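Worksheet: one structure, shown below.
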Amino acid sequence: MKRIGYIFFYCFFAAAHSFAQGGNSLSGMVTDSASGKPLAGVSVFLNSTSKGTVTRADGSFVLPGIPGGRYELIVSAIGYETFVTGISSRSLPPSLRITLHTKASELASFTVEPYLKDGWKQWGKFFLDNFIGTTENASSTSIKNREVLRFHFYKKSNRMSVTAIEPLIIENKALGYNLEYRLERFTCDFSTNMITYFGYPLFREMVSDDPARMQKWAQHRQAAYTGSLMHFMRSLYNGQIHEDGFLVDHEVNVPNLEKQRVKERYNPLLAQTDSFSIDTLHYFWEVLRQPDYFTRIVRGPEGLLTIQPDQAKVLFFTGKCTVIYGNGKMGIAYQESAIKLITGEAIIIEENGSYYPPQEVLTLGNWSRTETMANLLPRDFGMYGPH
């Protein structure tokens, strides 16, 4: 299966420097849109990180230690529509006033979009294999509240989807994380064999009095990170592709200079054919039938990134970008992965390694198998020292 890995997985990571200072913080107030009353116990967190809090009795919250880069701020409560807004550590907003709107009841949702009563029996294994994954870590990763999942199948479009009426509680004993994952939708289009899913995870680290277990978690986290899409994006942003052990091939469009030259010399609508020999005319006609651009393979990261005037780094390539990674010292065999840009639009990579828009990236090869919940790490992994 092809997979669009955007758990708004906005791929992770940032350098460990001044962001660890506690000066960057967000504060605000959360209220009910209908009554205007403050809402207590609302979850407020940075998407796909371990940075989160809950609102106080008066609806207020403070979220300290915002790491560097761009993030999504998620405000979520059962029975309400999830509130999502983008923030950047470069220009944090003043105190936020956020109103939450009541979500349509499950009965209303059932009327519009009925779900399969035996969904787990029909689609449970397929969902787990593609959402949790089939890697070694998957056997130690489980969804603790499966009953909140709803399975749907659309015969006309040959698609199945999965939604959740409450946040999923995911326990990853391999990496030492508990996740609250707000699944917006998981979809498989069987006509194209393409799987897409997105949602908003909040990580909480497990704790243990056993040093050996803590060390094992640290080792498993580093293994999950090494060679991952997160690792690649961060290495690309920092210009360390070769140093970090990645091999990259990508396609670029180069102009057909000979066709441009022939067009300057010969216009079939205006030129008199007797001014050129028949051999020259045949050559011109052959060249003019060629495409305006040729596809060329570039071996290495050169040309993948451009820097905009505002210093944003933009990733663009045609076709697909193939990435090979292996690490003999860590016992990691060489594996080939690839990414494609779904609509052919460029994406922006932020300083924390995130890329926007996340739904533009399609993972292929090894990443289509490994970029799943069982291997998912928070964006702030490694930013404040070992996790």
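Readers should treat all values here as calculations from the given coordinates under stated rules, not as data from a laboratory. Worth saying up front: this structure is predicted, and the values here are computed from it rather than measured. Positions of Cβ are generated from backbone atoms using ideal geometry, with glycine treated the same way; all protein chains shown enter the neighbour counts.
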Seminar exercise, completed: The answer for the net charge of residues other than Val323 whose Cβ lies under 9 angstrom from its Cβ, with Lys and Arg +1 and Asp and Glu -1, is -2
For this session: Taking H placed 1.01 Å from N in the peptide plane, check which residues at least 5 places from Val42 or on another chain put their amide H under 5 Å from its amide H.
Result: Thr55
For this session: Work out how much length Ile278 to Leu92 would gain on full extension: take 0.36 nm times their residue separation and subtract the Cα-Cα distance, in nm to one decimal.
Result: 60.1 nm
For this session: Using R₀ = 41 Å, calculate the FRET efficiency as 1/(1 + (r/R₀)^6) where r is the Cβ-Cβ separation of Glu166 and Thr226; round to 0.05.
Result: 0.75
Problem set entry | Asn238-Met206 pseudo-label distance in nm [points 7 Å out on the Cα-to-Cβ vector] | 2.8
For this session: Pull up the DSSP beta bridges for region 18-107 and report the antiparallel fraction as a percent, rounded to 5.
Result: 80
Seminar exercise, completed: PRE zone check, label point 7 Å out along Cα-to-Cβ of Tyr154, amide N under 18 Å, scope region 186-201, hits 186-199
Problem set entry | When each of Lys125/Lys156; Lys103/Lys320; Lys121/Lys144 is checked by Cα-Cα distance, pairs over 29 Å | Lys103/Lys320
Exercise. What's the long-distance tail for region 18-107, i.e. % of Cα pairs beyond 21 Å?
Worked result: 29
Problem set entry | Rg/Rg_ref, region 39-193, where Rg_ref = 2.2 N^0.38 Å and atoms are Cα | 1.19
For this session: Count the net charge of all other residues whose Cβ sits under 14 Å from the Cβ of Ser91, scoring Lys and Arg as +1 and Asp and Glu as -1.
Result: -1
Exercise. Excluding Pro67 itself, what net charge comes from residues whose Cβ is under 9 Å from its Cβ, given Lys and Arg +1 and Asp and Glu -1?
Worked result: +1
Seminar exercise, completed: Computed Rg/Rh for the chain (Cα atoms; Rh = Kirkwood radius) stands at 1.06
